Amino acid sequence: MLTNLSSSWTSKPPLAVKYRFDPGSIGEPGSSNSICSTLERLLAWEMKLYQEVKAREGVKIEHERKLSSLQSQEYKGEDESKLNKTKASINKLHSLIVVTSQAVSTTSTAIVGVRDAELVPQLVELCHGYVISQFHVRFMYMWRSMNQCHEVQNHVVQQVRGLVNRSTKGESTSDLHRQATRDLEAAVSAWHTSFCRLIKFQRDFIKSLHGWFKLTLLPITTEEANVNGSQPSEAYLLFDEWKLALDRVPDTVASEAIKSFINVVHSISLKQAEEMKVKKRTESASKELEKKASSLRSIEKKYYHSYSMVGLGLPESGPDNVHGLDARDPLSEKKSELVTCQRRVEDEMVRHSKAVEVTRAMTLNNIQTGLPGVFQAMTSFSGLIMEALEVVCTKSYAIK
């Protein structure tokens, strides 16, 4: 089994890369039948096996060294007492090799027992979607539920595409709209991250177990090469098919669809920002217009008061007095500035109105074309992985 690879073990047994816990619980059966509990017990047994293999290999090395020493002594013709002493050491080491090999064999058998009696049934249940102890970690059930949800979401999105009236004048983008868009972008980004992590976790999980299971099939000795019988090979073929099924399912399309929708929402956010800049310019120009109008009213009031005090009427309009005042009068300049400012406000209002229309059209178009693509990709992917797991589950009936 694992002992044949002892020379490649430099620090820790395979499972120790992913799981770490106190190996003192080897003899305790554990209070839970969860996969986590089983893997922890297997790790403890493997750490024990690692130490036993390491001890056995050390004895073998010493045994070989003593044999070489005996040959050297015999070649040199040393006295009988030294030869007998070396032979006694060799016999003792040989007995120790037998003992350590038996310990390795016992521990290896225990690992195979836990593997076949506990881990294999638990993994079969995990694939099928049954409840494992108090944990509801179920691959088949999860992907079937996701497929059903995405089908409903895709149907709803397709239905609402024609319900939105594009000709209706939209509201100006507010801070609340901007925050909602940022929240949507953050939520879709988190969705993309979670999706990628989920797929990677499931693949890594099965890949690690598949690799470990393959190691456990290696015999300790030639005599024990066929001890495990047919069931481990059936279980190995199941996990081999499971690994291949997950590797074959193309998740790139679904992942890229979500990422593409993130870009869609981000482009909407940028367009909203542009619209709000135009809105701020419009508001700033409007405030400037109000300020100039207020200043003009104040100046006009003073002029009216001055003319009335000297008993003169207001100047009449003429070719050079289009506003009722002399062209050289400061009041004429103020009125000209007011007209210019008013035109600028009108221009900014037109720009803002167009910006609102562009933002609304872009939002409706991008959302209505982006969302269906996401849910179609997710529906297709969840359907493919569900079908792949169904094939794996069918193969598991021989084990169950």
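The values are calculated or read from the model by the stated rules, or taken from the named source; none is laboratory data. Model, not experiment: these values are computed from the prediction. Counting neighbours? That spans all protein chains shown, and the Cβs are built from the backbone with ideal geometry, glycine included. Side chains included, ligands, DNA and RNA excluded: accessible areas come from the protein's heavy atoms. Shrake-Rupley method; radii C 1.70, N 1.55, O 1.52, S 1.80 Å.
At a glance:
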{"read-out": "Residue match in the stretch 364-380 (condition: touching an Asp or Glu at 6+ places or on another chain (Cβ under 6 Å), open to solvent by less than 20 Å² (accessible area, probe 1.4 Å) and either at pLDDT 90 or above or part of a helix (DSSP H, G or I) (or both))", "value": "no"}
{"read-out": "Set SER89, SER105: member being in a helix (DSSP H, G or I) and in contact (Cβ under 8 Å) with a residue 40 or more places away in the chain", "value": "SER105"}
{"read-out": "Subset of the stretch 228-251 [part of a loop (DSSP other than H, G, I, E, B) and either modelled with pLDDT under 85 or small (Gly, Ala, Ser) (or both)]", "value": "ASN228, GLY229"}
{"read-out": "Residue that is most open to solvent (accessible area, probe 1.4 Å) [pool: residues in the stretch 38-82 that are without any contact (Cβ under 8 Å) to a residue 40 or more places away in the chain and hydrophobic (A, V, I, L, M, F, W, C)]", "value": "ILE61"}
{"read-out": "Residue within the stretch 267-282 that is open to solvent by 40 Å² or more (accessible area, probe 1.4 Å), modelled with pLDDT of 60 or more and small (Gly, Ala, Ser) present", "value": "no"}
{"read-out": "Residues of the stretch 339-363 satisfying the condition of being hydroxyl-bearing (Ser, Thr, Tyr) and either buried (at least 19 other Cβ atoms within 10 Å of the Cβ) or over 30 Å from SER172 (Cβ atoms) (or both)", "value": "THR359, THR363"}
{"read-out": "Verdict on MET386 being among the hydrophobic types (A, V, I, L, M, F, W, C) and closer than 21 Å to LYS277 by Cα", "value": "no"}
